């Protein structure tokens with residue numbers, strides 16, 4: 001089980017690798033598309049990387065509901081383990 | 001129809017000889033070779049083990065995140081295009097995005113992505129295949145990436161005619177300007193497919209040189225000892241615009257693109273017509289398009305890939321269409337064969353030959369073929385030759401029987 005802090009920093013690493021987001025910018029209130037310029041294809045890559053890192057698969061219908069970094073953190077927290 | 005001439009106002013390239021046009025041109029004139037032997041384990045069973053790799057990795061020239069969403073063929077296309085675009089100054093000329101077009105060809109497209117993602121599919125299953133697979137492998141991908149890079153909204157096109165693709169892109173660009181469908185057109189060609197499968201495919205055709213122990217001497221167009229081409233990677237780009245508007249904005253004009261033509265052999269899927277009939281028709285038609293005669297042409301940058309049948313067919317075509325007075329260069333002797341980028345790179349060389357009034361030498365031409373046409377041609381070798389040039393021709397041919405000829409004249 002990863003802590004909220006661990007999830008946030010792990011997610012920030014993924015965002016930096018996949019989309020070039022500066023880790024300090026990957027804060028919970030940020031919208032992937034509006035604030036971080038992450039497009040839909042990159043979201044698919046992020047979902048794959050999240051599964052590798054946290055063992056949490058994000059189905060397509062759930063992926064559409066994840067709008068912010070905070071949404072992603074909550075989803076991972078709820079579904080891990 | 002526009003009656004203005006069409007001119008070249010920007011040049012870009014990243015090649016086995018250098019990461020930009022000046023470095024590449026200097027290395028060409030200095031006689032340097034871009035060819036080396038592959039040392040990876042997979043090459044051991046291959047009869048042909050040579051390659052002309054890029055001198056500068058595109059990942060060093062592009063932002064990391066941007067690069068990872070582009071196939072290597074797209075990365076080099078963007079690098080070359082951005083150089084040409086910057087040099088032209090067209091971005092500062094106030095041209096509307098709707099009047100900017102792109103024509104960028106490739107012979108093979110995103111082969112490295114296709115083959116790499118097939119490995120992912122086999123090893124990890126369909127859910128692990130990258131969402132960028134399709135845009136990275138589609139053959140219009142390089143043109144699209146270049147279009148996005150320079151903000152072209154006037155049309156983005158991707159001719160595919162094997163090793164004539166780069167030249168075909170230039171011809172399309174000329175037509176777009178003549179038909180007034182755009183005010184500025186960025187044209188070029190790209191290729192990056194150094195991978196075991198294409199290498200095996202070309203080797204199976206017996207098209208590649210097996211002179212593995214002498215990499216720098218393996219590509220030897222017109223030489224008696226030639227035994228095939230050397231696969232190269234890279235991209236080249238040119239900015240074309242109508243002369244009246246280019247002169248009005250004070251752009252630097254490298255040369256004029258005076259004419260172009262394309263024909264098909266209608267002979268065989270891959271073998272060239274032995275007398276170069278279709279190639280000669282292309283050259284003659286391009287000259288007519290430029291309103292010039294054979295006597296006006298002082299230089300030919302030949303397609304000459306160093307294959308036994310291709311070079312003699314082209315020698316026949318050059319002789320029958322132009323005569324024996326032209327100074328011929330076969331620059332693939334140093335760059336290797338860049339397939340879909342070859343026509344664009346050699347167009348850049350042709351433009352520079354006119355601008356600098358110097359004809360590059362053909363490396364490795366130690367013992368010209370006994371063929372009567374090769375013997376009759378004045379193929380420059382040893383050192384580059386100074387010459388007074390007003391017009392020059394660039395030939396490009398592709399598997400499929402595609403023949404393209406471009407005619408450039410001094411600015």
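Every number here is computed from the coordinates shown, using simple stated rules; none is lab data. As the structure is a computational prediction, the values presented were derived from the model and not from experiment. Cβ: placed from backbone, ideal geometry, glycine included. Neighbour counts: every protein chain shown.
Some points to look at:
- Residue with peak Gaussian network fluctuation, chain B [Cα springs, cutoff 10 Å], from B:311, B:371, B:119: B:119
- Prolate/oblate/rounded label for the stretch B:252-411 (Cα gyration tensor, a/c 1.5): rounded
- With R₀ set to 25 Å, the beta-carbon distance separating residue B:134 from residue A:29 gives a calculated FRET efficiency near 0.15.
- Between B:384, B:272, B:196, the Gaussian network model of chain B with springs among Cα atoms under 10 angstrom shows the greatest mean-square fluctuation at B:196.
- Chain B, relative contact order [Cα under 8 Å, separation at least 6], %: 23
- Shape class for chain B, computed from the alpha carbon gyration tensor (a ≥ b ≥ c): oblate, with a/c not under 1.5 and a/b at or below b/c.
- Residues listed by number, the stretch B:188-228, amide nitrogen under 17 Å from residue B:115 label point at 7 Å toward C-beta: B:191-209
- Mean-position separation - Cα centroids, the stretch B:267-321 and the stretch B:332-380, in angstrom: 13
- Taking the helices alone, chain B has a mean residue ellipticity at 222 nm of -10000 deg cm²/dmol, built from -39,500 (n - 2.57) per DSSP H run of at least 4 residues and averaged over all its residues.
- Rounded if a/c under 1.5, otherwise prolate or oblate - the stretch A:4-79, Cα gyration tensor axes: rounded
- If you run the Gaussian network model on chain A, springs between alpha carbon atoms under 10 Å, then out of A:16, A:51, A:62 the most flexible one is A:62.
- Ascending count of other beta-carbon atoms within 10 Å, so fewest first, for A:43, B:136: A:43, B:136
- Note: relative contact order over the stretch B:259-410, using C-alpha pairs below 8 Å and six or more positions apart, is 35 percent.
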